[in-house]
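K.L.:
Here's a structure for you.
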Amino acid sequence: MRQLTSFIIAVVVLSTFCSCDDKETFTTSLFCDFISDTDREGYFESLNYYTFRDIHDIGPSDDITGIRYLSSTLTFEGLHPGELMRGDVIRDVYIDVQGMKPFLYSKSIDVLYDNERISFSTHDDPEFYDFMWEAMRRFYKNEELDIKVYGWITHHNAGVRNVRMRVTLDNLIDVTIIDYY
């Protein structure tokens, strides 16, 4: 009888320490998309709000227990042909995350070809990496991200008006979720 009681206690203790969930980690992205039109001075800005639901491959019932930042790619492109033209300069590009000091990404980005799609990566820029690492840390902590991208488009030092432009910020992250079963 004593052995049976010991066995039952062992099973109960073991079952309380064994959970019915398992953690899964996978690589995915938080894709931030900004579309804006330049005003008559060439100024553009776009503000967007992101939550965990905006992470690619995350379901509404997934319980996120960790995010590890890997890298980001920042891309500039005109929405239609003829919007970003050779000789244009994208100036004073800032990335502004609520609760952080705005980050001056670049003072000057030259457009070398008509309709050029221009991309930059954190792999080539440690300051950009550090800023985005902190932004993703805040995103995980607050479960939300208010982010704005703004700057100016000029041509021969004059603002270029009515440029419809897309700026994307594709953030590669490892996400850990709990799988319940």
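K.L.:
Loop sites only, by DSSP: take the trypsin sites (Lys or Arg not before Pro) in the chain that have at most 14 other C-beta atoms within 10 Å and name the longest stretch containing none of them.
P.N.:
41-85
K.L.:
So what's Rg/Rh here for region 57-113, counting alpha carbon atoms and using the Kirkwood radius for Rh?
P.N.:
My calculation of the ratio gives 1.14.
K.L.:
Name the lysines eligible as straight-distance cross-link partners of residue 101: C-alpha to C-alpha under 27 Å, and not fewer than 8 places from it in the same chain.
P.N.:
141, 148
K.L.:
Per residue and in Å³, how big is the convex hull formed by the alpha-carbon atoms of region 83-181?
P.N.:
137 Å³
K.L.:
Another one. Can you sort 155, 80 by solvent-accessible area, 1.4 Å probe, largest first?
P.N.:
80, 155
K.L.:
To continue, here is another question. Could you work out the longest stretch of the chain that avoids the GluC sites (Glu not before Pro) located in DSSP loops with at most 14 other Cβ atoms within 10 Å?
P.N.:
So the longest stretch without any such site is 42-142.
K.L.:
What FRET efficiency do you get for residue 101 and residue 80 if R0 is 35 Å and r is their Cβ-Cβ distance, rounded to the nearest 0.05?
P.N.:
Once rounded, the FRET efficiency stands at 0.55.
K.L.:
Then there is this: Which of the chymotrypsin sites (Phe, Trp or Tyr not before Pro) across region 91-157 are loop residues per DSSP, with 12 or fewer other Cβ within 10 Å?
P.N.:
In loop regions of region 91-157 (DSSP not H, G, I, E or B), the sparsely surrounded chymotrypsin sites (Phe, Trp or Tyr not before Pro) are 113.
K.L.:
Then there's this: Given a 1.4 Å probe and every protein chain left where it sits, what share in percent of the accessible area of the chain is carbon and sulfur?
P.N.:
C and S fraction of accessible area: 51 percent.
K.L.:
Let me ask something else. Using the heavy atoms of the protein chains alone and a 1.4 angstrom probe, what is the accessible area of region 92-181 per residue in square angstrom?
P.N.:
Using a 1.4 Å probe on heavy atoms only, each residue of region 92-181 averages 56 Å².
K.L.:
Defining a contact as two alpha carbons under 8 Å apart and six or more residues distant in sequence, what relative contact order in percent does the chain show?
P.N.:
43 percent
The values are calculated or read from the model by the stated rules, or taken from the named source; none is laboratory data. Since the structure is predicted, the reported quantities are computational estimates derived from the model, not experimental observations. Cβ sites come from the backbone with ideal geometry, for glycine too, and all protein chains shown count toward neighbours. For the accessible areas, the whole protein counts, side chains as well, though only heavy atoms, and no ligand, DNA or RNA atoms are used. Shrake-Rupley method; radii C 1.70, N 1.55, O 1.52, S 1.80 Å.
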